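Undergrad: Quick one: the structure is below, questions incoming.
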Amino acid sequence: MNFLGDVKFAFRSLARTKGLAFTVVLTLALGIGANAAIFSLVRGVLLRPLVNRDEDRLIYIRQSAPGLGIDDAAFSVPEVTDLRSRVKSVSSFGEFSTIGFTMSGLGEPREVRSGVVDGSYFTVIGLHPVLGRLLGPSDDGPNAAGAAVLTYRFWTTTLNSDPKVLGKVVRLGSRSATVVGVLEPSVPYPADTEIIANIVTSPHHLSATMVQGRVHRMTELFGRLAPGATLETAQSELRVAYASMVGQHPEAYSPKGQNRITAVLLRDQITSKARTVLIVLMVAAGLVFLIAVCNVANLILARTVRREGELAVRAALGATTGALRRTLLAESLLMCGAGAACGVLIARPMVSILARYASRFSVRALDLTVDSSLLWVGALLAVAAAVLLAFVPRLPSAGGASGISRGNGSPRVTGSTTRRLQIFAVTQIAASFVLLVGATMLLKSLMAMQSVETGYDTRHVLAVNLPVNSYGKTDDQVADFYRETIRRIGTMPNVDTVAVGTQVPWRDAGNFGPGFEFAVDGHVKSPGEEDPRGRLRSVSPAFFAALGVPLISGRDFNDSDARKGSEQVVIVSQSLAQRMFPNQDAVNRHLKWTDPVMQFAGISTQPRRIVGVVADVDDENVVPGPALTVYQPFGQEFLFAGRLFVHAHGDPYALVSPIRRIVHDLSADQPVEHAATLEDIRAEVLTPDRLNTVVFGGFAAVALAIAVVGVAGVLAFSVSGRMREFGIRLAIGSQPRHLVTGVIRQGAAMAAYGVAAGAICGYGLARVAGSYFEVIRLPGAAPLLSSAAVLLAAAMVASVLPAVRAARVDVIQALRSE
């Protein structure tokens, strides 16, 4: 019989066992679908080439100071100039600075994140326009006309792909620029921007402090390898040049910083944050596939034992072992092929869901599309599973004993078959245990983050982005705008307190870098000790009352503090006061900024009197830690806030429309954006952690369900093969409850072995993964014990039905079976 005949025979055979076939197809569909979807995601994010020209020669350059806890720092203009002149293995460098603009001229005024680039940036990065042109050398220099390029996503989503946008003049802060082109679809790195403009649009970039300040670091640096140069050559040359720079300018580099420079391929840099998450996802999907295959193997093995008589007859009639194996392979291919087809159908919507999930870690996932990889991954997994399943059962020979009674066709399972069934079940439990522990760890972390006290009144505080619109206005006029906004909103019903500040907690994290060096009077540093770093925040009077942060000692800012020329005062956090003034009162002591970057930010380094101490709040991290924070009064120096905070005693969202009307009455082109309560902002920031928990929890739930069904199936088959034994035991006086207990004990034993195997394998896997990924850590006792308890309980519940069946054996029928 040829293979086509085997397939026809297999189809008729499976048609007689529709329940089994359906179960196998559904189980494999889950395993194959999950793996096909994850592979599509991994391929799209980690393996798909960038659209950038010669991407294998495009590098990203970064410096760091691990000794100061600074792992990722930009460059200053003098540093970039030095590298350009000293490094020959990089043929060209491209500069990119991220800056926020208040933009008007393209519909509603809005706050946009912009890239400010030099004339060589687009040549280095290797991108092309889909409309108009990109920026080039002619757009460089202080005398160039303002020019801007729209990113493809902004053009298509916000402007509906309007081709008439070319030539339009937009206002960017205090400057204007002409839209000259639209960038092709590409990965938005290092920031997801709406526009990319030339340097002349940012007055700060033209200032002497920016051009000459070696410690004024805000430029991301890209490079293109010279012909014949390798990444290793460039890294070596960059390190030599950087060491020379540090030696020539010791004042710009902390001795404790352990300053270093690194270069990586741009694609590796872009995918670095997503790589660990996606690899863990692949492992999770692989474990689900393993569990599914083990479950199906049990079903196939059980079916093969039940049809031992049929196979033995065929063997006795001359069928070779190869012919019998080919029959099993045909059946496996039919079931696995159907499972793969269903899996691909399941995988398509899964890819869309997982892409939204992965976009939290990599912008590459935003443009992920479903392609033919789903089909060939599904086909490959189906063939692999089919071959494995076809060779799981043992086949009878023409003259050999079958291991089961063929007198009446009732199965009598041999010890070898039982062991294989149990091994597959234990493997399922072990893989489920690993997934369940991982999901439990994520759930525990998420619950801890959600329950932690923030120090803010998150439920009643509405935060609104009110970015500075300084076009045609003096500093005093901008400050007066905010003061009048506060006054008018403060008169609204249901409003308790109104204030402004420099950043919204958690949502604006990282906007001000790692903090600035400061010193206080009376604090004597030990030899070699660096000045501590503190966060700088500019806030208006009543800011702490608006956000529910208690004042511990001293006073709040008042209106006279928030004026230029008034006494320079600050309020400090409790952690800063305790660290710098242990067992002393910090009020009326003095603090001054010593960080050299302050001269570029226009912040005075004169001593400031501490007038108050407030409770610690951490506006950077969702799990708060001790924060050295210095608050300066809004309006005293040019640190205009741009963030409005309204404390309400009703529904905060009911205030959004009235606030927008008030703001637009004062300034018609003032953006009013991203209104949300602090509670919702924190929930949004926690979304990646919540998604992690849901995704891995889903994998664990599917794995647990399949594993429990597998345990129940093994026990049911074991009970069916021991019917005569149970009948005899009942006949000689054994109690039914003893049989029930014995079967349940057998299920618990399989679960216990599986948990032990999973713990050992999981520990080894975590140790190996931890050597490559720092974020991988071993679970604590709670996830281990709770996961083990869930699996043991589930296995015992799954054992109940087979156990009850064993206790209800008809003694007469069982004894007649032989």
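The values are calculated or read from the model by the stated rules, or taken from the named source; none is laboratory data. Predicted model only: the values in this text are computed from it and were never measured. Here the Cβ is made from the backbone with ideal geometry for all residues, glycine too, and neighbour counts use every protein chain on show. In case anyone asks, the SASA skips ligands and DNA or RNA and just uses the protein heavy atoms, side chains included. Shrake-Rupley method; radii C 1.70, N 1.55, O 1.52, S 1.80 Å.
Undergrad: Identify, please: which residue in segment 216-235 is in a helix (DSSP H, G or I) and touching a residue at least 40 places away in the same chain (Cβ under 8 Å) and is, among those, nearest to the chain's Cα centre (by Cα)?
TA: Result: L231.
Undergrad: Filter segment 44-82 down to residues that are under 28 Å from Y253 (Cα atoms), at pLDDT below 90 and of a type in the set (V, I, T), then give me how many there are.
TA: 1
Undergrad: Residues being in a loop (DSSP other than H, G, I, E, B) and open to solvent by 10 Å² or more (accessible area, probe 1.4 Å): count how many of those fall in segment 119-134.
TA: Of the residues in segment 119-134, 5 are in a loop (DSSP other than H, G, I, E, B) and open to solvent by 10 Å² or more (accessible area, probe 1.4 Å).
Undergrad: On to the next question. Before we move on, is D531 open to solvent by less than 50 Å² (accessible area, probe 1.4 Å), modelled with pLDDT under 90 and under 24 Å from G625 (Cβ atoms)?
TA: Here the answer is yes, as D531 does meet what is asked.
Undergrad: State yes or no: is E774 among the charged types (D, E, K, R), modelled with pLDDT under 70 and under 25 Å from the mean Cα position of the chain (by Cα)?
TA: When the stated conditions are applied, E774 passes them.
Undergrad: May I pose another question? Is one or more of the residues making up segment 645-660 surrounded by fewer than 19 Cβ atoms within 10 Å (Cβ to Cβ), among the basic types (K, R) and closer than 22 Å to S540 by Cα?
TA: Yes, the conditions are met somewhere in segment 645-660.
Undergrad: Right, next: Only one residue in Q568, Q574 is under 18 Å from E517 (Cα atoms), modelled with pLDDT of 90 or more, open to solvent by 60 Å² or more (accessible area, probe 1.4 Å) and of a type in the set (S, T, N, Q). Which one?
TA: Residue meeting the stated conditions: Q574.
Undergrad: Follow-up question, since we're still on this one. Residues being closer than 19 Å to T102 by Cβ and open to solvent by less than 10 Å² (accessible area, probe 1.4 Å): count how many of those fall in segment 669-686.
TA: 2
Undergrad: On to the next question. Which residues, taken from segment 207-235, are open to solvent by 20 Å² or more (accessible area, probe 1.4 Å) and under 19 Å from R113 (Cα atoms)?
TA: R217, M218, E220
Undergrad: From the residues in segment 55-97 that are assigned to a strand (DSSP E or B) and without any contact (Cβ under 8 Å) to a residue 40 or more places away in the chain, which one is least open to solvent (accessible area, probe 1.4 Å)?
TA: D72
Undergrad: Looking at segment 27-54, which of its residues are open to solvent by 10 Å² or more (accessible area, probe 1.4 Å) and closer than 23 Å to F222 by Cβ?
TA: Correct list: L46, L47, R48, P49, L50, V51, N52, R53, D54.
Undergrad: Let me ask something else. Which residues, taken from segment 200-223, are under 29 Å from T156 (Cα atoms) and in contact with a Pro (Cβ under 8 Å, 6 or more places away or on another chain)?
TA: V200, E220
Undergrad: Considering only segment 501-557, how many residues are under 31 Å from the mean Cα position of the chain (by Cα) and among the hydrophobic types (A, V, I, L, M, F, W, C)?
TA: Residues meeting the conditions: 8.
Undergrad: Could I ask something else about it? Report, by residue number, each residue of segment 159-173 that is open to solvent by less than 60 Å² (accessible area, probe 1.4 Å) and not in a helix (DSSP H, G or I).
TA: L159, S161, D162, G167, V170, L172, G173
Undergrad: Would you pick out the residues in segment 425-446 that are open to solvent by 20 Å² or more (accessible area, probe 1.4 Å), among the aliphatic types (A, V, I, L, M) and under 17 Å from the mean Cα position of the chain (by Cα)?
TA: Correct list: M441, L442, L443.
Undergrad: Any idea how many residues of segment 345-371 are assigned to a loop (DSSP other than H, G, I, E, B), open to solvent by 10 Å² or more (accessible area, probe 1.4 Å) and not aliphatic (A, V, I, L, M)?
TA: The number of residues fulfilling the criteria is 5.
Undergrad: In segment 731-751, which residues are in contact (Cβ under 8 Å) with a residue 12 or more places away in the chain and within 15 Å of G710 (Cα to Cα)?
TA: Within segment 731-751, V743, I744, Q746, G747, A748, M750, A751 qualify.
Undergrad: Here's a follow-up. Among the residues of segment 102-118, write down those that are in a loop (DSSP other than H, G, I, E, B) and charged (D, E, K, R).
TA: Passing the criteria: E108, D118.
Undergrad: So, one more: Here is a list of conditions, (1) modelled with pLDDT under 80; (2) among the aliphatic types (A, V, I, L, M); (3) open to solvent by 50 Å² or more (accessible area, probe 1.4 Å), and I760 meets all of them except one; can you say which number that is?
TA: Exception for I760: condition (1).
Undergrad: From V170, V179, grab the single residue that is over 30 Å from D56 (Cα atoms) and modelled with pLDDT of 95 or more.
TA: Unique residue meeting the criteria: V179.
Undergrad: Residues of segment 242-262 being under 26 Å from Y189 (Cβ atoms), surrounded by fewer than 17 Cβ atoms within 10 Å (Cβ to Cβ) and not β-branched (V, I, T), which ones?
TA: Result: R260, single match.
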